[in-house]
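For reference, the structure discussed in these notes is given below.
The values are calculated or read from the model by the stated rules, or taken from the named source; none is laboratory data. Just so we're clear, the structure is a prediction, and the values are computed from it rather than from any experiment. Because the Cβ atoms are built from the backbone with ideal geometry, glycine has one as well, and the counts that use them run over all protein chains shown. Ligands, DNA and RNA are stripped out before the accessible areas are found, and what is left, the full protein with its side chains, is counted by its heavy atoms. Shrake-Rupley method; radii C 1.70, N 1.55, O 1.52, S 1.80 Å.
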Amino acid sequence: MTERQRSGDEAAPSWRQRWGKRWLALLAYVLAVAGLAAVFWHWVRGKSWDDSLSFALTVVLTSVGGQLIARLILWKAGRGDG
């Protein structure tokens, strides 16, 4: 990815701002996935809310865990591999 050109007076965002945006994006993603999974499991499948929240937790852990494992694999592989 390329970064936008900054004017001479504009400072680059600090690492805290970058990490803050990443955590907010992760939180939004987790809430969206968990919410959709719980609503689907409760309304479409007709399960209890306890079962729905357990299903949502399973979906979120699988989704986030899979992304972290994929990122780790790509990081270990390096730039020039395959």
Handout entry: Pairs with Cβ under 6 Å, 6+ apart, first in segment 21-47 and in contact (Cβ under 8 Å) with a residue 24 or more places away in the chain and closer than 17 Å to residue 66 by Cα, second among the polar types (S, T, N, Q) and not in a loop (DSSP other than H, G, I, E, B)
Key = 33/63
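Residues checked against (1) at negative phi; (2) of a type in the set (Gly, Ala, Ser); (3) assigned to a helix (DSSP H, G or I); (4) loosely packed, with under 11 Cβ neighbours inside 10 Å:
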site: 34; (1), (2), (3), (4): yes, yes, yes, no
site: 39; (1), (2), (3), (4): yes, no, yes, no
site: 42; (1), (2), (3), (4): yes, no, yes, no
site: 51; (1), (2), (3), (4): yes, no, yes, no
site: 65; (1), (2), (3), (4): yes, yes, yes, yes
site: 70; (1), (2), (3), (4): yes, yes, yes, yes
site: 76; (1), (2), (3), (4): yes, no, yes, yes
Completion exercise
Per the list (1) more than 19 Å from the chain's Cα centre (by Cα); (2) open to solvent by 90 Å² or more (accessible area, probe 1.4 Å), residue check on residue 19 breaks on (1)
